[in-house]
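What follows is calculated from the coordinates using simple rules that are stated; it is not laboratory data. Every value quoted in this text rests on a predicted model; they were computed, and no experiment measured them. Cβ coordinates were reconstructed from backbone atoms using ideal geometry, including for glycine residues, and neighbour counts include every protein chain displayed.
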Amino acid sequence: MKIAVIGSGYVGLVAATCFAETGNHVICVDIDEQKIENLKKGIIPIYEPGLEPMIQKNVEDRRLFFTTNLPEAVAESLVLFIAVGTPSGEDGSADLQYVLAVARSIGLCMDSYKIIVDKSTVPVGTAEKVQAAIAQALQERGVDIEFDVVSNPEFLKEGAAIDDFMKPDRVVIGAENVRTLEIMKELYSPFMMRQSRIITMDVRSAEMTKYAANAMLATRISFMNEIANLCDLVGADVSSVREGIGSDSRIGHSFLYPGVGYGGSCFPKDVKAIMRTAREHGMKLQVLDAVEEVNKRQKEVLVDKVLNHYNTSAVAGALKGRHFAVWGLSFKANTDDMRESSSIVIIRELLRLGATICAYDPEAMDEARKIFGDAIHYAAGQYETLENADGLLIITEWNEFRRPDFERIKQSLKEPFIADGRNLYSPEKMQQMGFTYRCIGRDRTP
Ligand code: NAD
């Protein structure tokens, strides 16, 4: 099948590559000329495990192409995926300007039947707006060309995106007619593994499904963060509690890990957007109000633990003269994405309190430099951060932080103090090794 994917970011690039991998002819479009130039040279703009070799292979096999020329891509393709960003607008709503700009551009150049697929996360009713934008452009040209708009939200996780796309739990397709549905099913059929299935529904329900899924996942995280904070107060261990509740098949083990609060380019903006949709319909999503509030608070918990350790409060300058090592900056492991990362809130607060920082992340150093500039120091490796540091803060759960050389850490730090926002180590073992170890929901300080 001939496909164009418009928007070559985390979602577009992965989707395009995986569609090419299954034999389709795929053109990746972006307005960012530098990005397309780089992709043509084999320089991949994001870190996503397994993506680079897969792109290389499909480019070499002449199934995957990159361009900034939308009309050419539209002319050559039957199915057009819109995978551009939908960031939060000022009022919390999803900003649809990029999606609708693409829709209009398609309408201004298409000359035969097309299926336009909303892959971006977009609020209920967006497919109608896309339909209207294309129809308007066609009308301006004085032409009448048939097209269909389909909703096909994406559920991949950064860091495991290839696997998620190639072996999805499910594919959701919202379509209003059988012909487009059949084409979409055919496109996705190679990805249907034993456990996978295609779930078809009306367009509005498909649009809603994506927000409901992310809102549910964000809710689980905030719920577990609150339980963890309570565990700290009553002297319980949240890891045991997690196992205890996760083994209930009605609850399940996924997404029960407390930490430094959720971040990333999806949960914060999608929770805001569904709340906004509710408000527009005169309804308040009270659970999500609390989910957001808890998440905001959770981003402060690690710094509170540091302040607690030094027996001081959060007044500006309270940590003056203190220097900290930070391991992990991306919003989660296996990605270079720092959008809405909790590390930003934590580091800015430490700086406000007067501390200095030396940070390391396996993949997000370039992104971090764009955010913090000269305000912090950057190290070439995890152990290099420790020099002259009063303590170590762990913010991202990268695998290489899980089994470090504890002797080396102890010798390098001025004092063996670790504040771990991801519960990577055993509190008992850390204590045996002589560390003062603070983590989330296992501090047992009633
Ligand atoms: P991104 O910011 O990484 O990529 C968007 C790309 O679109 C950029 O390269 C940008 O240059 C390009 N673009 C913008 N306007 C364009 C135009 N007019 N023509 C061509 N290209 C244009 O975004 P992303 O993280 O890939 O997210 C895309 C959408 O997918 C969002 O709606 C997001 O909510 C959703 N989503 C993201 C994830 C994720 O993990 N990142 C997962 C599921 C769904």
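Given 20 °C and 1.002 mPa s, compute D for the range 235-446 with the Stokes-Einstein relation, Rh being the Kirkwood radius over Cα pairs; round to the nearest whole µm²/s. Rounded to a whole number, D works out at 118 µm²/s.
Put a plus charge on the Cβ of each Lys and Arg, a minus charge on the Cβ of each Asp and Glu, and nothing anywhere else: the dipole of the chain about its Cα centre is then about 800 debye.
Angle of helix 126-141 to the longest C-alpha principal axis of the chain, folded into 0 to 90 degrees and rounded to 10: 40°. Net length available on complete extension from Lys40 to Ser112 is 23.1 nm, with 0.36 nm assigned per residue and the Cα-Cα distance removed. When you restrict to C-alpha pairs under 8 Å that are six or more residues apart and normalise by the size of the range 151-290, the relative contact order lands at 21 percent.
Give me the base-10 log of I(q)/I(0) for the range 90-189 at each q in 0.10, 0.24 Å⁻¹, Debye formula, one uniform scatterer per Cα, rounded to two decimals. Taking Cα atoms of the range 90-189 as identical point scatterers yields -0.32, -1.27. Of the residues Gln139, Thr68, Gly23, the one whose Cα sits farthest toward the positive end of the charge dipole of the range 2-201, with +1 on the Cβ of Lys and Arg and -1 on the Cβ of Asp and Glu, is Gly23.
Once the C-beta distance of Lys157 and Lys320 is scaled by a Förster radius of 30 Å, the resulting FRET efficiency is 0.15 to the nearest 0.05.
Label separation (Asp366 vs Phe255): 3.1 nm, computed from points 7 Å beyond Cα along the C-beta direction. Could you compute the net charge surrounding Asn229? Neighbours are other residues with a C-beta less than 12 Å from the C-beta of Asn229; K and R count +1, D and E count -1. Net charge around Asn229: -2.
What the Cα convex hull of the chain gives, in volume per residue, is 159 Å³. Measuring r between the beta carbons of Asp32 and Val234 and using R0 = 51 Å, the FRET efficiency lands at 0.50. Kirkwood's formula applied to the C-alpha pairs of the range 1-57 gives a hydrodynamic radius of 11.3 angstrom. If one takes the longest principal axis of the Cα atoms in the chain, at what angle in degrees, from 0 to 90 and to the nearest 10, does the Cα axis of helix 267-280 lie? Result, in degrees: 60. Note that the range 194-308 shows a convex hull volume over its alpha carbon atoms of 145 Å³ per residue.
Helix 10-21 and the long axis of the chain differ in direction by around 60°, with both axes built from C-alpha atoms.
For the range 2-201, a/c is less than 1.5, where a ≥ b ≥ c are the root eigenvalues of the C-alpha gyration tensor. That puts it in the rounded class.
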